[in-house]
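Each remark here refers to the structure printed beneath this line.
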Amino acid sequence: MSMFKAIVIDKNEAGQSVEIRSFDEADLMDGDVTVRVSHSTLNYKDGLAVTGKAPVVRRFPMIPGVDLAGTVETSSNPDFKPGDAVVLNGWGLGETHLGAYAEKVRVRGEWLIPLPQGLSPLQAMAVGTAGYTAMLCLMALERHGLSPDRGPAIVTGAVGGVGSVAVALLAKAGWHVVASTGRPEEADYLKGLGAAEILDRSELAGPARPLAKERWAAGIDTVGSTTLANVLSMTKYGGAIAACGLAGGMDLPTTVAPFILRNVALLGVDSVMAPKALRVEAWNRIAHELDHGKLAAMTSTIPLDQAPEAGRKIVEGKIKGRVVVEIG
Ligand code: NDP
């Protein structure tokens, strides 16, 4: 029997339990690569998993953790050999497949990408799914033909993980970034990441008018609901908003007015099932375009046993920037 340490979510008649305990390697799920995990990270989805607030966990027991950086221990996959440094984001890890809040994972090799050159495992997890999704959003805006000369770009949920990286990436790409937040006390933090303006999120909170004054040409929305509806109503003619999150709710109480009268586009962004080529492109761009000083400024580190508590905080909107979970 080969045991390793893991956070385990289980469920019985009494409800859901979360504990740190030994896990038997023999109970890992099928896969052709075993990875020794050195770092994971905290994503909103991990918070939903440990709190049970939304049914993201699809089998029990489950080890949460949607992201990992680590070193290949054994592999029967021709693309990977022992000692390779790798990264994994999504693909159902921590939802349908035993995840990364553990010293070991066994996964399908096709889910892995090599650790991007220029990033340490800790830095890769400081980026994590949140940061890689922010880059997917920027790439979606660019594919739509948008550039900084068209006007400002808004980021909602700016102090959060996706939001913090989005602010830094958009500013680096030359955008005038409007950072929307409910934490005005973090204005200096956001300006340090590159925000040009801070917008109190209450301005985007009420019921949205079909069309409002045009304020931005592009946006990355992590909040959804009335926030996204307001953002769309204030988007300039021909602009686009990349929507990736639901921190404020899953509904979208809008009208077709921005789409049919202002030619506004709503670009959906999913990171979990994104094809490998897109992932590799996003990670390579992150390695080159995300300022390492800014990444460090938005990152804090916790040990594995604090991950469940941090998960509870993220669903309450109380986490700032990115949190790395140190494991190995
Ligand atoms: P965080 O909790 O770190 O950030 C979310 C931020 O949203 C908060 O910091 C807060 O920002 C704001 N917020 C929270 N609650 C509300 C509310 N009720 N109304 C308005 N704003 C609110 O989470 P992440 O950045 O990691 O994730 C953000 C969202 O993106 C989540 O919904 C997550 O599931 C989603 N996501 C989607 C992915 C995909 O593949 N599509 C991948 C990764 C994340 P502030 O304090 O600045 O106001």
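No lab work stands behind these numbers, since they all come straight from the coordinates. Quantities reported herein were computed from a predicted structural model and do not represent experimental measurements. Note: ideal-geometry Cβ built from the backbone for every residue, glycine included; neighbour counts use all protein chains shown.
Some points to look at:
- In plain terms, if you count all Cα to Cα distances in segment 137-192 and split them into 10 Å steps from zero, the share in each step is 25, 55, 18, 1 percent.
- Proximal lysines to Lys11, defined as alpha-carbon separation beneath 19 angstrom and excluding residues fewer than eight positions away on the same chain: Lys45, Lys53
- Amide N of segment 223-267 lying under 18 Å from the label point, which is placed 7 angstrom from the Cα of Lys213 along Cα→Cβ: 230-237
- Helix runs (DSSP H) in the chain reaching 27 Å along axis by Cα, Kyte-Doolittle at least 0.5: 121-143
- Extension gain for Ile260 to Arg312 (0.36 nm times residue separation, less C-alpha to C-alpha distance): 14.7 nm.
- Our analysis of the chain gives Rg over Rh at 0.98, with the two radii drawn from alpha carbon positions and Rh computed by the Kirkwood formula.
- Relative contact order of the chain, defined on C-alpha pairs under 8 angstrom at six or more residues apart (%): 19
- Highest mean packing comes first when the peptides 259-266, 218-225 are listed by Cβ atoms within 10 Å, giving 218-225, 259-266.
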